[in-house]
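Computed from the coordinates by the stated procedures, all read-outs in this text should not be read as laboratory data. In this text, all values refer to a predicted model and were calculated from it rather than measured experimentally. No Cβ is skipped: glycine too gets one built from the backbone with ideal geometry, and neighbour counts run over all protein chains shown.
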Amino acid sequence: MTHAWLEAGAILGMALVAGLALVPLLVRLFPIEPWRPAAEPGVVGRLEAALLRTAGCWPPREMTAAAYARALVTLHVAGFAVLLAILRFQGSLPWNPAGRPAVPWGVAVNTAVSFVTNTNWQSYAGEAALSPLSQVFGLTVQNFVSAAIGMCSLVVVVRGFARRASGTVGNFWLDIVRGGLALLLPVSALVAIAVVWQGGIQSLLTLGDGDASTLVGLVASQTAIALLGTNGGGYFNANAAHPFANPTPLSNAIEIAAILAIPAASCLAFGRWVSDRRQGRAILAANVILLAPAIMLLVHAETRPNPWLPADVDQRRSETHDGGSLEGKELRFGNAASAVFAAATTATSTGAVDAMHDSLSPMGGLVTLWLMQLGEVVFGGVGTGVAGTITYAILAVFVAGLMVGRSPEYLGKKIEAREMKLAMLILLVPPLTALIGTAAACVVPGAAAAAPSPGPHGFSELLYAFTSAANNNGSAFGGLDATSGFWTIGLAIAMAGGRLVSLVGLVLLGGSLAAKRPVAASLGTLPTHGPLFVILLAGVINLVGALSFVPALALGPIAEALQPLTGAAP
């Protein structure tokens, strides 16, 4: 076990160092004050200006929150239309050496919604269903765009707290170009180089005979942005468990660090943006308090012997693995690293996997479900995760204000009825969507049959699918057959609703806060940078998750864990 803990600690340390390195870049790229000419000099500034001129958005003009939200939704709709067209006309487009046919309507709609919303749920095997052109110009492009949109939502919320009596929240087109061009592109290029260095595939020439599942092309670049942008979709059906996308233990550690890097950096950048670094450290501490126990539980659960296996199966630690059940895991990574990857990917709305979550122990499955059900705010997705944590902070100060009979304030802005309504909309729509979708899957004829496992584990597969979709994660338990009309369209609705309602809510919340004048702190103001508030914030996040999902979890992984060991294995 000592080896497992050291491995987990080293991977998380790598992620924190990467996050610290990105903080100055975030602060420089997304200033709080309105845009000024030559605000971004050099090559990036010239490219930025050229792109915005081509799009007819130069010079950038400040937008109201409503205009910003309209632009955000418009880009989602345009991205969906373009990606859907690529998938449906794939058979007639060039760069299709294996002659992949058009993607069926249901799967095409599901995939287009999935990648546009940063979910990257995949109801298909990438290497068998898509051409290299669809992978690169369809999926990879949306990986960049959707992650940059998430960053925009955080920037608007931050501007809401930092600006005073402002009717504007920035320019969406400027923010998204900077997020994609100056942040995601260069950093993902570094990650892709590291993956190639370790043996990953990156080639303009496809490898394979055209029919084999080894037909590959630009794998490393898609893997890099899928992880860095907390997207998660893989070039292969096996995702980050495939040796062409994740060849070695070191590449596995690098990919976990990439998942956590921008969310960790955003926590600390938040403190700089609002001119109080203690606030950023408090947000980071709350995230660590929530993630660390989850990793500990997962590592403990997945390095324990599987009680369902016969007694004559040797599950002791050896030179090649950390002990415990290896079903669904890669020997080159081992149980501990696979557990850390599972925690990181479900906490951050990434959805990539280097082990099959369907094979996790009941406790391991419970932890992965729980991290998603907290609203993907434990570090969370690029931009959206920290923005969600800030929304929970608003709820925390509201709860604290109720306890002492004082109007709540956060970072000098009064939290009033409009802000609370928007906060509750942001926080409650995803769990409501997940629970309604799961209930529908249980009662719609034939829908539950998509889960191959009986009993509590089968229910967990249904719950996991809609939890993953509504919270824009994209991972799956692995055994679910999600190709029927109910699943492709139902999950698409859950993905679109969970994403767009939250994003629009965050933008409107930022606009509402920006219009307020700050109030001076007094003796009755709750300090939001100390240990007490960190514990309160973490407690509120856990409480909302528990009130929303504990009854459903009791029917799934908890019931599975309490099953007697006699009889057939789940």
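Which cross-chain or sequence-distant (5 or more) residues have an amide H under 5 Å from the amide H of N120, H modelled 1.01 Å from N in plane?
F115
Mind checking the full-extension length gain between A10 and L428? Use 0.36 nm per residue of separation minus the Cα-Cα distance, one decimal, nm.
Going from the current span to full extension adds 147.0 nm.
Summing Lys, Arg as +1 and Asp, Glu as -1, what charge do residues with Cβ under 9 Å from the Cβ of L480 carry, L480 excluded?
Neighbourhood net charge equals -3.
With each label point set 7 Å from Cα along the Cα-Cβ vector, what nm distance links R70 and V43?
3.7
Would you pull out the residues with amide H under 5 Å of E409's amide H, same chain only if 5 or more places away, H placed 1.01 Å from N?
I415, L526
Of G200, A282, A10, which is farthest along the charge dipole of the chain in the positive direction, counting Lys and Arg as +1 and Asp and Glu as -1 at C-beta?
About the Cα centre, the residue reaching furthest to the positive side is A282.
For region 468-534, just say rounded, prolate or oblate: build the C-alpha gyration tensor, square-root its eigenvalues into a ≥ b ≥ c, call rounded for a/c under 1.5, and beyond that prolate if a/b exceeds b/c, oblate if not. If you can, show how the numbers build up before the last one.
Working: a/c = 6.94, a/b = 2.31, b/c = 3.01.
Because a/c hits 1.5 or more and a/b fails to exceed b/c, region 468-534 counts as oblate.
Convert each backbone phi in region 351-359 into a coupling constant with the Karplus relation 6.51 cos²θ - 1.76 cosθ + 1.60 (shift: θ = phi - 60°), then list the ³J(HN,Hα) values in order as whole Hz, x for Gly and Pro.
x, 5, 9, 10, 8, 7, 5, 5, 9
Give me the Debye-computed log₁₀ of I(q)/I(0) at q = 0.19, 0.20 Å⁻¹ for region 504-570, equal point scatterers on Cα only, no solvent, two decimals.
Each listed q maps to, in turn, -0.99, -1.02.
Using Cα-Cα distances under 8 Å and only pairs 6 or more residues apart, what relative contact order does region 2-562 have, in percent?
Relative contact order here is 20 percent.
Using the Cβ atoms and a cut-off under 15 Å, what net charge is assigned to the surroundings of P557, where Lys and Arg are +1 and Asp and Glu are -1?
Working: positive: none; negative: E302, D358, E461, E560.
In short, -4.
Considering only lysines 8 or more places apart in sequence, or on different chains, count the pairs in region 2-562 whose C-alpha atoms sit under 22 Å apart.
4
Quick one: go through region 255-272 and flag any residue whose amide nitrogen is under 17 Å from the point 7 Å out along the Cα-to-Cβ line of I193.
Answer for region 255-272: 255, 258.
Determine the dipole magnitude for the chain: charges of +1 sit on the beta-carbon of Lys and Arg, -1 on that of Asp and Glu, nothing else is charged, the reference point is the Cα centre, and the result goes in debye to the nearest 20.
Roughly 2380 debye for the chain.
Apply the Karplus curve 6.51 cos²θ - 1.76 cosθ + 1.60, θ = phi - 60°, to the phi angles in region 144-154 and return the couplings in whole Hz, x for Gly and Pro.
Per residue, the Karplus-derived 3J(HN,Hα) values read 5, 5, 5, 5, 5, 4, x, 5, 4, 4, 5 Hz.
Summing +1 for each Lys or Arg and -1 for each Asp or Glu, what net charge is found among the other residues whose Cβ lies under 11 Å from the Cβ of H529?
Once all neighbours under 11 Å are counted, the net charge is +2.
Among F486, A125, G179, whose Cα lies farthest out toward the positive end of the dipole of the chain, if unit charges sit on the beta carbon of Lys, Arg (+1) and Asp, Glu (-1)?
Checking the options against the dipole of the chain, the answer is G179.
At each listed q (0.19, 0.25, 0.26 Å⁻¹), what is the log10 of I(q)/I(0) that the Debye formula gives for region 385-441 modelled as equal alpha-carbon point scatterers?
-0.69, -0.97, -1.02
Using amide H atoms built 1.01 Å from N in the peptide plane, name the residues 5+ places from V216, or on other chains, whose amide H lies under 5 Å from its own.
Residues meeting the criterion, in which the H sits 1.01 Å from N, are L207.
Taking the structure as given and computing P(r) over Cα pairs in 10 Å bins from 0, in percent, which label from (1) 4, 19, 30, 27, 15, 5, 1, 0; (2) 3, 13, 18, 20, 19, 12, 7, 5, 3, 1, 0; (3) 3, 16, 25, 25, 16, 7, 3, 2, 1, 0, 0, 0 fits?
It is the value labelled (1).
Sequence gap at least 6, Cα distance under 8 Å: using those rules, report the relative contact order of region 61-167 to the nearest whole percent.
Relative CO of region 61-167 lands at 27 percent.
Give the peptides 517-526, 14-23, 49-58 in descending order of average Cβ contacts within 10 Å, highest first. Could the numbers behind the result be given before it?
On the way: 517-526: 11.4, 14-23: 17.7, 49-58: 13.0.
With the highest mean Cβ count within 10 Å placed first, the list reads 14-23, 49-58, 517-526.
Tell me which of A66, S522, L562 sits at the most positive position along the dipole axis of the chain, charges placed on C-beta atoms (Lys, Arg +1; Asp, Glu -1).
So the residue furthest toward the plus end is S522.
What order, most packed first, do the peptides 26-35, 184-193, 492-501 have when packing is the mean number of other Cβ atoms within 10 Å of each residue? Please report the intermediate quantities before stating the final value.
Numbers: 26-35: 17.2, 184-193: 18.7, 492-501: 23.2.
Answer by packing, highest mean first, reads 492-501, 184-193, 26-35.
What order do you get for 456-464, 327-335 when each peptide is scored by the mean count of other beta carbon atoms within 10 Å, highest first?
Taking the mean over residues of other Cβ atoms within 10 Å, the ranking is 456-464, 327-335.
Given region 169-299 reduced to its alpha-carbon atoms as identical point scatterers, what log10 I(q)/I(0) does the Debye formula return at q = 0.09, 0.10, 0.11, 0.18 Å⁻¹?
Scattering profile of region 169-299, log10 relative to I(0): -0.35, -0.43, -0.51, -1.05.
In whole Hz and in residue order, list the ³J(HN,Hα) couplings for region 104-117 that follow from phi through the Karplus curve 6.51 cos²θ - 1.76 cosθ + 1.60, θ = phi - 60°; x for Gly and Pro.
Once θ is set to phi - 60°, the couplings for region 104-117 become x, 3, x, 5, 5, 4, 4, 5, 4, 4, 4, 7, 5, 8 Hz.
On a full-extension model of 0.36 nm per residue, what is the gain between A85 and D276, subtracting their alpha-carbon distance, rounded to one decimal in nm?
Numbers: separation 191, 0.36 × 191 = 68.76 nm, distance 4.66 nm.
Taking 0.36 nm per residue and subtracting the Cα distance, the gain is 64.1 nm.
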